[in-house]
Amino acid sequence: PRSKSDLFHSFLAGAISSAAAFYLWKQILSPTNQHKNKTIAEARRTSNSPDDSSSSTAENDCTQIVLPDEFRDEQLSRNMLYFGEEGMKIVSQSSVVVVGLGGVGSHAAHMLARAGVGYLRLIDFDQVTLSSLNRHACATLGDVGTPKVEAMKKHIVKICGGHCNVDIRVSMFTEETQDELLGFSNEPARRHDFIVDAIDDITTKVQLLAYCVRTGTRVISCMGAGGKSDATRIQIGDLPSACHDPLATKMRLFLKRKKVDITSDLINIVYSSEKTVAPLAELSEEQKKEGNEHAFGAVDNMRVRVLPVLGTTPAIMGNACAAYALCEIGKKPFSPLSGERMGRGVRHRIFQHLKNREKAIRNEIEKEHGIERTDDKSNDGVSNDDEELKGEILGSRWVGPVQVDCDDVEYLVAEVWRNRCAVTGERMGIVLELARWDLSLPSVCQNLVLMGAKAMHALDKHGKESFDNSIRTKIEQRLASSKVDALS
């Protein structure tokens, strides 16, 4: 037989469940929710049904659902919490272009729209095919044979309810059409906030990146997604650092031939360091017999052999492109982790060199102030070997033990400075060390810069003023974005 205690708990659980069910039912039937549901239902009825295939024009397919502002605010509430009010306002007023609406571009475009980007320009000459349904973000059987940009616009309208201005261009991006496709006819000097390069043709990608560098436009460019599947190998970085990517290798070569600076801060890329595991499809017997494979291309200068694609890879890479662009626009940038893991020996060497440098600076400053040490103890009797986080200001300069540990060193070198000299951008053939940027501040992550010997010598001799203002600004912006130290 059940005890009185068991019966009481059963009764209590039943009462709570009933109360919760009653509360939820009242919420559903509340005037506010009924009004919301009615408004959205009425808006939906003003647009074509997604299953209605009788419409023959993109204009009819893209009839807008007008979503009230309060509902749009609720739709973007999670993004507002992430970016903050000011960042979200910048995103909603931003202008982003996506060139190429295939597997990568379609996933980037719809996430940009979902995140609240106010103006999207979509550029692609191609149509939806049956074979593209394995990787396209939104296309269905009903979209086969229609331009990819039209299918994308129809999808975005159903998400954003008229709050995203989707400008579509059914056209191929070329050197001849670039100004028309990327410019603003009524504002010739205006530039887009970001461009997502999701083109899979080398020649066209080179033209687009050259345009971005020439016009000072930020771009995130996706490298090869075909023949790869390992999501853990996908990286965000710069063009010189990409490895195991034949497309990136050729891009570097062709851009150098066009005298384009491939180290420009305007260019960032998404790439996979995985070696290609599936080759291009073989030519058909007809193509082999003809002897000229390019005669079978739908468009001149575009590849003919088919790429093997696992749909998950372009989807992840497209989302990575969107995430990078959004965080840069919304003033919440992240520093992509370099694909290279720092060895324990390298990390220890850089840490020890930093400690030795700080000790030499301390000795020099204390000597200037007439402070002499008879042993290895500080003025308050605490041994320096204890590495207690104490320091003091002598004159205008801070002296004390290093305020970071070996984990912070790895974070600074790999994530903040990306294994490159902060001044020259060099990474190969030079020894890199950490140094305090401002001697009046402690040796914390927000004040440690990675430099080569030549830049370090200039810093020691003339301080920050030895570098151009643009370099100082770039370094200080990067320092400001670094995270709080583990030991602080």
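Annotations for the structure displayed:
- The set of residues in region 211-230 being open to solvent by less than 20 Å² (accessible area, probe 1.4 Å) and in a helix (DSSP H, G or I) consists of TYR211, CYS212.
- Within region 133-150, tally of residues that are closer than 23 Å to GLY183 by Cα and under 25 Å from the mean Cα position of the chain (by Cα): 2
- Tally, over region 347-357, of residues that are modelled with pLDDT of 90 or more and open to solvent by less than 70 Å² (accessible area, probe 1.4 Å): 6
- Restricting attention to region 433-447, the residues that are open to solvent by 40 Å² or more (accessible area, probe 1.4 Å) and either touching a residue at least 60 places away in the same chain (Cβ under 8 Å) or among the hydrophobic types (A, V, I, L, M, F, W, C) (or both) total 2.
- Search result, residues across region 141-155 that are without any contact (Cβ under 8 Å) to a residue 60 or more places away in the chain and either open to solvent by 30 Å² or more (accessible area, probe 1.4 Å) or assigned to a loop (DSSP other than H, G, I, E, B) (or both): LEU141, VAL144, GLY145, HIS155
- So GLU426, is it closer than 29 Å to ALA242 by Cα and not in a loop (DSSP other than H, G, I, E, B): no
- Checklist (1) open to solvent by 40 Å² or more (accessible area, probe 1.4 Å); (2) over 22 Å from LEU326 (Cα atoms); (3) in a loop (DSSP other than H, G, I, E, B) applied to ARG191, failing item: (2)
- Answer from LEU122, LEU112, LEU133 - the residue that is among the aliphatic types (A, V, I, L, M) and free of Cβ contacts under 8 Å to residues at least 40 places away in the same chain: LEU133
- Within region 89-99, the set of residues being open to solvent by less than 10 Å² (accessible area, probe 1.4 Å) and either out of contact with any Gly (no Cβ under 6 Å at 6 or more places or on another chain) or more than 15 Å from ALA151 (Cβ to Cβ) (or both) comprises VAL91, SER94, SER95, VAL96, VAL97, VAL99.
- Qualifying position, being under 26 Å from the mean Cα position of the chain (by Cα), more than 24 Å from ARG191 (Cα to Cα) and not hydrophobic (A, V, I, L, M, F, W, C), among HIS155, HIS163: HIS155
- Scanning region 358-393 for residues that are modelled with pLDDT under 90 and among the aliphatic types (A, V, I, L, M) yields a count of 3.
- Residue in region 268-275 that is modelled with pLDDT under 95, touching a His at 6+ places or on another chain (Cβ under 7 Å) and either basic (Lys, Arg) or part of a helix (DSSP H, G or I) (or both) present: yes
- Residue within region 458-473 that is outside any helix (DSSP H, G or I), of a type outside the set (Phe, Trp, Tyr), without any contact (Cβ under 8 Å) to a residue 60 or more places away in the chain and in contact with a helix residue (DSSP H, G or I) (Cβ under 9 Å, 6 or more places away or on another chain) present: no
- Residue in region 156-171 that is open to solvent by 40 Å² or more (accessible area, probe 1.4 Å), in a helix (DSSP H, G or I) and touching a residue at least 12 places away in the same chain (Cβ under 8 Å) present: yes
- Where ALA455 falls short, out of the listed (1) farther than 14 Å from ARG478 by Cβ; (2) surrounded by fewer than 20 Cβ atoms within 10 Å (Cβ to Cβ); (3) among the small types (Gly, Ala, Ser): (2)
- Residue match in region 287-306 (condition: touching a Gly at 6+ places or on another chain (Cβ under 8 Å), modelled with pLDDT of 80 or more and over 16 Å from MET223 (Cβ atoms)): no
- Condition check for ARG72 on (1) closer than 14 Å to CYS164 by Cβ; (2) among the charged types (D, E, K, R); (3) open to solvent by 20 Å² or more (accessible area, probe 1.4 Å): one failure, at (3).
- Region 231-263, residues that are open to solvent by 20 Å² or more (accessible area, probe 1.4 Å) and among the small types (Gly, Ala, Ser): ALA231, SER241
- Residues that are open to solvent by 10 Å² or more (accessible area, probe 1.4 Å), in contact (Cβ under 8 Å) with a residue 40 or more places away in the chain and more than 14 Å from GLU476 (Cβ to Cβ), drawn from region 409-426: GLU410, TYR411, GLU415, ARG418, ASN419, GLY425
- Among the residues of region 216-262, the one identified as out of contact with any Asp or Glu (no Cβ under 7 Å at 6 or more places or on another chain), modelled with pLDDT under 90 and at positive phi is GLY227.
The values are calculated or read from the model by the stated rules, or taken from the named source; none is laboratory data. What you see is a predicted model; the values in this text were computed from it and never measured. Methodologically, a virtual Cβ is constructed for each residue, glycine included, from the backbone with ideal geometry; neighbour enumeration extends over all protein chains shown. The area values use the complete protein model at the heavy-atom level, side chains included, leaving out ligands, DNA and RNA. Shrake-Rupley method; radii C 1.70, N 1.55, O 1.52, S 1.80 Å.
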